[in-house]
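Colleague: This is the structure I want to talk about, given as structure tokens.
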Amino acid sequence: MRNLTDDYALALTTAHAVTAVPHFPSFGRLAPHTPHADVIMVEAEFAHKGGDVEAQTTPAQTIVETSSTEKVPLDDLAQKEGFKLVEFESGKGEDPKEWDSRKKCMEGASRDLHASQEVINLTVSCFVLGFGIGPLFFAPLSEVIGRRPIYCVSIFFFFVFTIPSALAKNAATLVVGRQLAGLAASAPIANVGGTISDIWAIKERGIPMAIFSGTIFLGPCLGPIMGSWIGQRAGWRWIYWVLLILIGVVFALTIVVPETYAPVLLKKKAERLRKETGDDSYTTRAEMDRLPFASTLKVALTRPFIMMVMEPIVLFFSFYLSFVYSLLYLLFFAFPIAFAHVRGWSMGMTGTSFVSIMLGILVALAGLPYQEAIYRRVTKDGNFPEARLYPMLSGCILLPISLFIFAFTGGNPAVHWVVVCLSGAFFGISMILIYVAANSYIIDSYSTFPASAMAAKTLMRSIIGATIPLWVDQMFGNIGIQWGGLLLALISCVITPIPFVFYFYGERIRSKSRMASKAKRVR
């Protein structure tokens, strides 16, 4: 007489049968007291031979053979013996087959590094947090030593610190590597705004700022598209190898980028003239007003924090832009639910759904020359920062509309996927309209310290964005994407008045600031 031992239960489990059998050590000991004492699991025998149990049976068809050749459904046997079969609850994401494509891709890293999914999500948080902390140092330093050295150092170390992520043997290496990579890669986020103000006059910088703002969001949308296919076809490590190749190309281009910061260029010119003529009287305004380097560095490093606290424009626009930035990260988690879980798309196709957001971004960028025409007409008698806010006034209205559409369609499989993608396109349009206008408004309002103002904004944006991977799964898992999307739409409605307030009262607010432009609207 043979009992159903733990080995057979384990064999059934490792065969990935649909019906999950609890691994009770007492199962075999209880069997002799039952009418089916001498049971042999057909699935277990099949599993030991390397067969695919799932291809042969379904939960309702799982069969047990007894010594008397009687075939008994496993569910009936469990019911007779008083066992409670543990199975996955449909729709709760317990079954790996129900995981969204993002989790399936990241599951590879989680499995290889023996880490929980929360730890893998932490790599995203650390990278985004690095984006916020780095500009606090890179942006002020660029206003002391110039833009070009900061770009070169930033991209070089971004390249270096991406290598540990590709070679990581444990989760700690991956987390630390992404944190350092985020810090290193953060300089362009804040300094490009300063570079644009160095090169283009106020009336000319609208289109360059729009292109910069567009690339900030096209990149994160392109990432899931490329990463999902690379992860699906080649594995998660190749995502970092491809990234490393791209960073190498960018670093090669960065080496030939010229310096644009006027005080640094004039300082070099003065040094050259002094050397060529032997006349030490050649100098610059910055050199005449120069403080000791330690004092200059102290002022530069504390300036972003001061602007964050003391400047209402920086504070409120940073909060608004942080919310919009967070929405993009939230959609990185919500789209896989709407397309992979609800509609059964593959990992690669789910990543492709982000094309809808990219199309919205491109549509918004294509329409910005019209905004520039409006800006030139409004400022023909004199420039004033509030003239930059027209796109934001329309974008802040379109934003909640896009979120309402997603909330009411994303979780409903009966709604065609095109409608969900339409919400993504509307979101892409509103995001660019808001970001281009807000970035331009901040730079025009603080044209003396644009990099510091952008660094302050980037800090708040990144801190809020870094928290999202830590709670977004719980939010959508507990309340669903319908209620989660509705909550986000209602929040966007609450903060909609912010750009209108600054459009009408921005001039008065700037007049009370020690750092902001005092330009007035000619009425």
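Colleague: With the condition kept exactly as written, say whether any residue in region 248-260 is within 30 Å of ALA201 (Cβ to Cβ), surrounded by 13 or more Cβ atoms within 10 Å (Cβ to Cβ) and touching a Ser or Thr at 6+ places or on another chain (Cβ under 6 Å).
Modeller: yes
Colleague: Is at least one residue of region 456-468 more than 18 Å from the chain's Cα centre (by Cα), open to solvent by less than 10 Å² (accessible area, probe 1.4 Å) and modelled with pLDDT under 90?
Modeller: yes
Colleague: Restricting region 153-172 to residues that are open to solvent by 50 Å² or more (accessible area, probe 1.4 Å) and in contact with a Ser or Thr (Cβ under 9 Å, 6 or more places away or on another chain), which is farthest from VAL436 (Cα to Cα)?
Modeller: LEU167
Colleague: Suppose we filter region 267-305 for residues that are open to solvent by 60 Å² or more (accessible area, probe 1.4 Å) and under 27 Å from the mean Cα position of the chain (by Cα); how many remain?
Modeller: Qualifying residue count for the region: 1.
Colleague: Is it true that GLY108 is surrounded by fewer than 22 Cβ atoms within 10 Å (Cβ to Cβ) and either modelled with pLDDT under 65 or closer than 24 Å to SER228 by Cβ (or both)?
Modeller: Yes, satisfied.
Colleague: Among the numbered criteria (1) of a type in the set (Lys, Arg); (2) in a helix (DSSP H, G or I); (3) out of contact with any Gly (no Cβ under 8 Å at 6 or more places or on another chain), which one does LYS380 miss?
Modeller: (2) is the only condition that LYS380 fails.
Colleague: Just to be sure I understand, how many residues within region 130-142 are farther than 16 Å from ILE216 by Cα and either without any contact (Cβ under 8 Å) to a residue 24 or more places away in the chain or hydrophobic (A, V, I, L, M, F, W, C) (or both)?
Modeller: Total meeting the criteria: 6.
Colleague: For region 469-497, which residues satisfy the criterion of being open to solvent by 10 Å² or more (accessible area, probe 1.4 Å) and of a type in the set (Gly, Ala, Ser)?
Modeller: Result: GLY477, GLY480.
Colleague: From ALA455, ALA466, grab the single residue that is farther than 18 Å from LEU399 by Cβ and in contact with a Cys (Cβ under 8 Å, 6 or more places away or on another chain).
Modeller: Values: ALA455 fails: in contact with a Cys (Cβ under 8 Å, 6 or more places away or on another chain).
After ruling out the rest, the residue left standing is ALA466.
Colleague: Another question about this same structure. Has region 225-233 got any residue that is over 22 Å from PHE127 (Cβ atoms) and either exposed (fewer than 12 other Cβ atoms within 10 Å of the Cβ) or more than 19 Å from the chain's Cα centre (by Cα) (or both)?
Modeller: There is at least one residue in region 225-233 that is over 22 Å from PHE127 (Cβ atoms) and either exposed (fewer than 12 other Cβ atoms within 10 Å of the Cβ) or more than 19 Å from the chain's Cα centre (by Cα) (or both).
Colleague: Another question, if that's okay. I'd like the full set of residues that are more than 23 Å from the chain's Cα centre (by Cα) and not basic (Lys, Arg), limited to region 380-396.
Modeller: If we filter region 380-396 for residues that are more than 23 Å from the chain's Cα centre (by Cα), which is where we start, we get 380-391, 393-394.
Result: ASP381, GLY382, ASN383, PHE384, PRO385, GLU386, ALA387, LEU389, TYR390, PRO391, LEU393, SER394.
Colleague: While we're looking at this one, here's another question. Does ALA366 satisfy the criteria of being surrounded by fewer than 23 Cβ atoms within 10 Å (Cβ to Cβ) and outside any helix (DSSP H, G or I)?
Modeller: Answer is no for this residue.
Colleague: Does any residue of region 445-454 turn out to be part of a helix (DSSP H, G or I), touching a residue at least 24 places away in the same chain (Cβ under 8 Å), buried (at least 24 other Cβ atoms within 10 Å of the Cβ) and under 19 Å from the mean Cα position of the chain (by Cα)?
Modeller: Among the residues of region 445-454, at least one is part of a helix (DSSP H, G or I), touching a residue at least 24 places away in the same chain (Cβ under 8 Å), buried (at least 24 other Cβ atoms within 10 Å of the Cβ) and under 19 Å from the mean Cα position of the chain (by Cα), which makes the answer yes.
Colleague: Could you list all residues from region 176-209 that are buried (at least 22 other Cβ atoms within 10 Å of the Cβ) and either farther than 30 Å from ARG388 by Cβ or out of contact with any helix residue (DSSP H, G or I) (no Cβ under 8 Å at 6 or more places or on another chain) (or both)?
Modeller: Residues satisfying the conditions are GLY177, ARG178, ALA181, LEU183, ALA184.
Colleague: Another question, then. Would you pick out the residues in region 278-307 that are modelled with pLDDT of 75 or more and hydroxyl-bearing (Ser, Thr, Tyr)?
Modeller: SER281, TYR282, THR283, THR284, SER295, THR302
Colleague: While we're looking at this one, here's another question. Let me spell it out: the conditions are (1) over 20 Å from the mean Cα position of the chain (by Cα); (2) modelled with pLDDT under 85; (3) open to solvent by less than 60 Å² (accessible area, probe 1.4 Å), and TYR503 meets all of them except one. Which number is the exception?
Modeller: (2)
Colleague: Can you report the number of residues in region 240-262 which are without any contact (Cβ under 8 Å) to a residue 60 or more places away in the chain and more than 19 Å from ILE199 (Cβ to Cβ)?
Modeller: 5
Colleague: Another question, if that's okay. Out of the residues in region 405-444 meeting the condition of being farther than 30 Å from LEU141 by Cβ and among the polar types (S, T, N, Q), tell me which one is most open to solvent (accessible area, probe 1.4 Å).
Modeller: Of everything passing the filter in region 405-444, ASN412 is most open to solvent (accessible area, probe 1.4 Å).
Colleague: Applying the selection to region 311-354, what residues are at pLDDT 90 or above and open to solvent by 20 Å² or more (accessible area, probe 1.4 Å)?
Modeller: The answer is PRO312, LEU315, PHE316, PHE319, PHE323.
Colleague: Identify, from the list VAL419, VAL415, the residue that is without any contact (Cβ under 8 Å) to a residue 60 or more places away in the chain, not in a helix (DSSP H, G or I) and not acidic (Asp, Glu).
Modeller: That would be VAL415, the only listed residue that is without any contact (Cβ under 8 Å) to a residue 60 or more places away in the chain, not in a helix (DSSP H, G or I) and not acidic (Asp, Glu).
Colleague: Name the residues in region 355-413 that are among the β-branched types (Val, Ile, Thr) and over 23 Å from PHE332 (Cα atoms), would you?
Modeller: Answer for region 355-413, where residues must be among the β-branched types (Val, Ile, Thr) and over 23 Å from PHE332 (Cα atoms): ILE374, VAL378, THR379.
The values are calculated or read from the model by the stated rules, or taken from the named source; none is laboratory data. Note that the structure is a prediction, hence the values are computed from the model and not measured. We place every Cβ from the backbone using ideal geometry, glycine too, and count neighbours over all the protein chains shown. Each accessible area value is taken on the protein alone, full model and side chains, heavy atoms only, with ligands, DNA and RNA left out. Shrake-Rupley method; radii C 1.70, N 1.55, O 1.52, S 1.80 Å.
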